[in-house]
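The values are calculated or read from the model by the stated rules, or taken from the named source; none is laboratory data. Predicted model only: the values in this text are computed from it and were never measured. Glycine also receives a Cβ, built like all others from the backbone with ideal geometry; neighbour counts cover every protein chain displayed. With ligands, DNA and RNA removed, areas are computed over all heavy atoms of the protein, side chains included. Shrake-Rupley method; radii C 1.70, N 1.55, O 1.52, S 1.80 Å.
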Amino acid sequence: MRKHSGLSCILYATTAFALVSFAVSLLLATSLDKTYDFSIPNARLPYFPSTKLQPAFAVNVEWPHEFIHIVNTRFQQEQGNLLALGRARLLLFQTFCLQSIIGQTILTKNPYQMPPFLWIIKVDPNLVPDLLKELISIVQPYNFIYVVASNNNYGIGQKIGGWRGGEAGIDILNSKVYTGNLTWLKVAHESRKARGVLETRLDADDGLNVKYLDAIEKEASQKLLWSFNQTKLNKRRWMYWCSLHSVEWNPTPILQLEPSGDALRGVFSVKKTAHHCITAGMTIGLSLGMKENQVPRYQHDKLVEQLKYSKHKPNCGDSETNITKCLKFISDPLLGCVRSRTLTSAGMRGVSTDRKSFQQRVATSNWNNASIIANVLKVEFWTHMTNVMTVNLHLSRNRFEIASDNLKGQCTKGHSCKNSTRQSLKSVIELD
C-alpha cells in the first residue's frame with residue numbers, strides 16, 4: 001500500500017505574471033520538437049504494448065493499490081453517426097487528452113503489475129466503424145485503457161450509482177470491451193468494497209497535467225479515512241477535488257480560412273475557477289465503508305453552490321462540514337488541466353465563432369509568449385504545438401461540416417439542448 005506522504009507544498013498564483021513566471025522557472029531549458037509526431041517515448045510507459053484484447057482469467061488476487069482509481073471519458077455517445085464531428089473530436093482527443101493520460105507520472109512510480117488507475121472511454125455502440133477502428137488502434141498499445149461500447153454513464157452528475165456500488169463495473173463487464181486487460185478490470189470491480197475509490201472525469205477534448213492524478217492520490221491518501229471506524233481529526237469519509245487553474249485553447253476564427261504563422265497556434269489563456277468546478281479533473285473520493293447511496297453526487301457547475309450555500313449541507317465526515325472540508329481545489333500542479341474551446345463543443349460555452357470574439361480573446365489573453373506556451377504544453381501536458389496547429393487547420397478547413405454535425409447532435413440524450421447553442425452553430429453554417 002502507498003505510504004502516507006507529508007503535506008504537499010501548495011502554490012498559489014494570483015496573477016497571470018505569477019503563472020508565467022512559474023512556467024519559465026520549470027521549463028527554461030525545454031524546446032519544442034519541430035516534427036509532427038504523436039509518438040511517446042517508451043521509457044515512460046511501464047505497460048508493454050498489446051496487439052489485441054487481453055482476456056480475463058479467474059484470479060484470486062486483490063487490487064494492490066490503496067485506491068481503485070477510475071478515469072471516465074465519453075466519446076460520441078448518442079452521436080455515433082456524426083462522422084465530421086467525430087473525426088474532429090478524435091483529433092482533439094489525440095492531441096490533448098490521450099497524450100496527457102499516457103504521460104501521467106504516477107505510471108512510472110508504480111511498483112505493482114497492475115496500473116494505479118484504469119481509463120474507461122465509453123463510445124456509442126453504433127459509432128461509425130472507421131472512427132471506432134481508428135480509436136481502437138490509437139489506444140490499443142496501452143492495456144490500462146478500455147474502449148467500451150456503452151451509452152450509460154454512472155458517477156459524477158450522471159446516473160445514480162458508481163464504481164463503489166458496482167453499477168459502473170457491471171455495465172462495462174456486460175458491454176462490448178474493445179481494448180484493455182480484462183483481468184485488471186475484473187479485479188478492480190471485485191475489490192471495490194475493500195479499497196478506497198476515486199473517480200475522475202475527463203472530457204475527450206481536454207487534458208490533465210501529467211502530475212495531476214498523482215496529486216489527487218496523494219491528497220486522497222492524506223484526507224480520506226482508511227478505516228471507516230477511524231476518528232482521526234481532519235479525515236473525511238468522502239471528498240471532491242477540482243482543478244483551480246486551467247489552460248484554455250481557442251482555435252483560429254472561422255473567417256480566416258487558411259490560418260498561417262502565429263495564427264496557426266490559436267490563442268491560449270490561463271483561467272482561475274474558484275467559484276465552480278470545471279469538468280476536467282473533477283474527482284470524487286470514497287473511503288472504506290462508504291456506500292454509494294451515502295455519497296452526494298453533483299453536477300460540476302452545482303458542486304460549490306451545494307457545498308457552500310445549501311441549507312442542508314452534506315456531512316463528509318467532520319462535525320462541521322463546509323466547503324473547505326469536503327472540496328479541495330488542486331493548485332499543485334499549478335496548471336491542472338488544458339481545455340479546448342472549439343466547434344465540437346456540445347454546449348459551445350466560451351467558443352469563438354467569429355473574428356470579433358476571437359480578437360477579444362487575443363486582446364484579453366494573459367499568456368502570449370509562444371515559446372513558454374509551447375514548453376508548458378509539452379512538459380506539463382505532453383502536448384506538442386505542431387499537433388495543436390494541425391488540429392487548428394483541420395477545424396478551420398472543416399468548420400461547415402463540423403458545425404452542421406454538432407447542430408444535428410444537439411438535444412440528443414446526455415447533450416446540450418440550449419437555444420443559444422443552436423443559434424451559434426447556425427451562424428457558423430450561414431457564414432460559410
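Okay, residues lined up against (1) farther than 29 Å from Arg399 by Cβ; (2) part of a loop (DSSP other than H, G, I, E, B); (3) at pLDDT 70 or above:
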{"position": "Asn293", "(1), (2), (3)": "yes, no, yes"}
{"position": "Arg297", "(1), (2), (3)": "yes, yes, yes"}
{"position": "Glu305", "(1), (2), (3)": "yes, no, yes"}
{"position": "Ser319", "(1), (2), (3)": "yes, yes, no"}
{"position": "Lys325", "(1), (2), (3)": "yes, no, yes"}
{"position": "Lys328", "(1), (2), (3)": "yes, no, yes"}
{"position": "Val338", "(1), (2), (3)": "no, no, yes"}
{"position": "Thr353", "(1), (2), (3)": "no, yes, no"}
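Screening Lys109 with (1) assigned to a loop (DSSP other than H, G, I, E, B); (2) farther than 20 Å from Gly336 by Cβ gives one miss only, at (2).
Selection over segment 63-87 of residues that are over 23 Å from the mean Cα position of the chain (by Cα) and over 19 Å from Gly180 (Cβ atoms) gives a count of 1. Of the residues making up segment 183-201, those that are hydroxyl-bearing (Ser, Thr, Tyr) and either open to solvent by 10 Å² or more (accessible area, probe 1.4 Å) or assigned to a loop (DSSP other than H, G, I, E, B) (or both) are Thr183, Ser191. Of all the criteria given as (1) touching a strand residue (DSSP E or B) at 6+ places or on another chain (Cβ under 7 Å); (2) farther than 30 Å from Lys223 by Cα; (3) modelled with pLDDT of 80 or more; (4) aromatic (Phe, Trp, Tyr), the one not satisfied by Phe400 is (1). Checked against (1) over 30 Å from Leu343 (Cβ atoms); (2) open to solvent by less than 10 Å² (accessible area, probe 1.4 Å), Asn174 passes all but a single condition, namely (2). Residues in segment 159-174 that are under 23 Å from Thr279 (Cβ atoms) and either touching a Lys or Arg at 6+ places or on another chain (Cβ under 6 Å) or without any contact (Cβ under 8 Å) to a residue 40 or more places away in the chain (or both): Lys159, Trp163, Arg164, Gly169, Asp171.
Candidates are the residues of segment 131-182 that are hydrophobic (A, V, I, L, M, F, W, C) and assigned to a strand (DSSP E or B); the one that is nearest to Leu198 (Cα to Cα) is Ile145.
When segment 145-166 is filtered for residues that are modelled with pLDDT of 95 or more and either touching a His at 6+ places or on another chain (Cβ under 6 Å) or closer than 18 Å to Gly281 by Cβ (or both), the ones remaining, listed by number, are Ile145, Trp163. In the set Val210, Val187, only one residue is of a type in the set (Val, Ile, Thr) and more than 20 Å from the chain's Cα centre (by Cα); that residue is Val187. The set of residues in segment 110-127 that are at pLDDT 95 or above, open to solvent by 30 Å² or more (accessible area, probe 1.4 Å) and not polar (S, T, N, Q) contains only Pro125. Filtering segment 163-218 to residues that are touching an Asp or Glu at 6+ places or on another chain (Cβ under 9 Å) and of a type in the set (Asp, Glu) leaves Glu167, Glu190, Glu217.
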